[in-house]
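**Student:** I am attaching a structure below and will ask some questions about it afterwards.
The values are calculated or read from the model by the stated rules, or taken from the named source; none is laboratory data. Every value quoted in this text rests on a predicted model; they were computed, and no experiment measured them. Here the Cβ is made from the backbone with ideal geometry for all residues, glycine too, and neighbour counts use every protein chain on show. Accessible surface is based on the protein model in full, side chains and every heavy atom, while ligands, DNA and RNA are left aside. Shrake-Rupley method; radii C 1.70, N 1.55, O 1.52, S 1.80 Å.
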Amino acid sequence: MLEFNCVFTEGIRQRLDVFVAAAADVTRSRAASLIEQGFVTVNGNTADKKTRLKTGDNVCISIPKPTAYTAAAENIPLDIVYEDGELLVVNKPKGMVVHPAAGNYSGTLVNALMWHCGDSLSGINGVMRPGIIHRIDKNTSGLLIVAKNDNAHKKLAEQIKEHSFTREYEAVVYGNIKCESGTVNAPIGRHPVKRKQMAVTDKNAKNAVTHYEVLERLNGFTHVRLRLETGRTHQIRVHMAYIGHPVAGDDVYGPKKVIKSLNGQCLHARKIGFIHPTTGEYMEFSSPLPEYFTEFLKECRK
């Protein structure tokens, strides 16, 4: 356990999670997690992450040693688009879960990464999500970036937070979108009743912005390109359903009728772009549409 004390000396009353992130050199989400788990005290007492510090407040921060990851590394083939000493860009297939969770403790992208990278994965997101900076759903295919160390993880996560991280998707959605392009700007939070789902809501929600552009109008469907300005859970799926055009095959936010040829939503993370955490160079990678996607396009054109 690493422990150290800091005294807040600035005049402006700063939020506790912001102060801890800077003092401990961790991401703000990691700082919030430490606070919520009781590893941070203010003047000897636990506090909320939103607590505003006063001049002279003594902040004690304890950072526990990483817990050994118990899931086994698995020799699962990876489609690696790019790799260097700091990061990897991986093309995830449809049907693969990104990280272990209840009901999915093997066969995940993390299991495959552990085999490929060994101990060379960032630990910021904890033992269940080593190296994982952002996620895509099990039945969404496409590009993900993975950090090999905490410095790379922190710098890449900051780009996502500042909206300078390029994330472009393609999808087939139900119906005929009237406009050639548009923007959905609607906050997303946990569904008030269906707790495993997200929804457009004003309660406990975060700002969410999705830009879309029509690529092709099909028989009962529309092929679209989507660009994320923010990165909320299920953002594209929730936003497209919100405007009346849910993603084809999405039986959670769209019609319950299953499209057998899809086996899940027709959504592909096509392009990813970021500033390299060490070189400062802007890098961009693209992934071709997978077979399930192109075959469905052919079906819709008939």
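**Student:** Assigning unit charges at the beta carbon (Lys, Arg +1; Asp, Glu -1) and nothing else, what dipole magnitude in debye, to the nearest 20, does the chain show about its Cα centre?
**Tutor:** So the dipole magnitude of the chain works out to roughly 1220 debye.
**Student:** Principal axes first, then extents: for the Cα atoms of the range 89-174, list largest minus smallest coordinate on each axis, whole Å, largest first.
**Tutor:** Answer, in whole Å and largest first: 42, 33, 21 Å.
**Student:** Dipole of the range 233-274, Cα-centred, from +1 at each Lys and Arg C-beta and -1 at each Asp and Glu C-beta, to the nearest 20 debye?
**Tutor:** Computed about the Cα centre, the dipole is about 100 debye.
**Student:** Follow-up. By DSSP, what percent of the beta bridges with both residues in the range 12-122 are antiparallel, rounded to the nearest 5?
**Tutor:** Roughly 100 percent of the DSSP beta bridges within the range 12-122 come out antiparallel.
**Student:** Pairs K178/K203; K92/K194; K161/K203; K94/K257; K161/K206; K65/K148: which are spaced more than 24 Å apart, C-alpha to C-alpha? Provide the component values of the computation, followed by the final result.
**Tutor:** On the way: K178/K203 30 Å; K92/K194 28 Å; K161/K203 21 Å; K94/K257 19 Å; K161/K206 12 Å; K65/K148 18 Å.
Violating the 24 Å limit, Cα to Cα: K178/K203; K92/K194.
**Student:** Tally Lys/Arg at +1 and Asp/Glu at -1 over every other residue whose Cβ is under 11 Å from the Cβ of P192; what's the total? Mind dumping the intermediate values first?
**Tutor:** On the way: positive: R190, K194, R195, K203; negative: D202.
It works out to a net charge of +3.
**Student:** Could the peptides 267-279, 156-168 be put in order, highest first, of the mean number of other beta-carbon atoms found within 10 Å of their residues?
**Tutor:** Taking the mean over residues of other Cβ atoms within 10 Å, the ranking is 267-279, 156-168.
**Student:** Tell me the per residue accessible area of the chain using a 1.4 Å probe; a whole number in Å² is fine.
**Tutor:** The answer is 50 Å² per residue.
**Student:** With no solvent and one point per C-alpha, what does the Debye sum give as log10 I(q)/I(0) for the range 1-63 at q = 0.12, 0.17, 0.28, 0.29 Å⁻¹?
**Tutor:** These q points yield log10 I(q)/I(0) values of -0.22, -0.45, -1.34, -1.44.
**Student:** Just how large is the dipole of the range 150-290 about the Cα centre, in debye to the nearest 20, putting +1 at every Lys and Arg Cβ and -1 at every Asp and Glu Cβ?
**Tutor:** It comes to approximately 700 debye.
**Student:** Based solely on its DSSP helices, what 222 nm [θ] is calculated for the chain when runs of n ≥ 4 H residues each add -39,500 (n - 2.57) and the sum is averaged over all residues, nearest 500 deg cm²/dmol?
**Tutor:** Per the formula, -5500 deg cm²/dmol.
**Student:** Report for the chain the percent antiparallel among DSSP-assigned beta bridges with both residues inside it, nearest 5.
**Tutor:** Antiparallel bridges make up about 95 percent of those DSSP assigns within the chain.
**Student:** At 0.890 mPa s and 25 °C, plugging the Kirkwood radius over alpha-carbon pairs of the range 220-277 into Stokes-Einstein gives what diffusion coefficient in µm²/s?
**Tutor:** Answer from the Stokes-Einstein relation: 193 µm²/s.
**Student:** Roughly speaking, what is the stretch gain from F285 to T201, that is 0.36 nm per residue apart minus the C-alpha to C-alpha distance, in nm to one decimal?
**Tutor:** Numbers: separation 84, 0.36 × 84 = 30.24 nm, distance 3.33 nm.
Fully extending the segment from F285 to T201 adds 26.9 nm.
**Student:** Still on this structure: Residues with amide H under 5 Å of G264's amide H, sequence separation 5 or more or different chain, H placed in the peptide plane at 1.01 Å from N; which?
**Tutor:** The list, which skips near neighbours in sequence, is I259.
**Student:** Give me the percent of the accessible area of the chain that comes from carbon and sulfur atoms, probe 1.4 Å, all protein chains in place.
**Tutor:** Here carbon and sulfur together make up 49 percent of the probe-accessible area.
**Student:** Please tell me the relative contact order of the range 46-203 in percent, rounded to the nearest whole number, where contacts are Cα pairs under 8 Å and at least six residues apart.
**Tutor:** For the range 46-203, the relative contact order is 18 percent.
**Student:** While we're looking at this one, here's another question. Any idea what Rg and Dmax come out to for the chain if you just take the C-alpha atoms, in Å?
**Tutor:** For the chain, the Cα radius of gyration and maximum Cα-Cα distance read 21.0, 71 Å.
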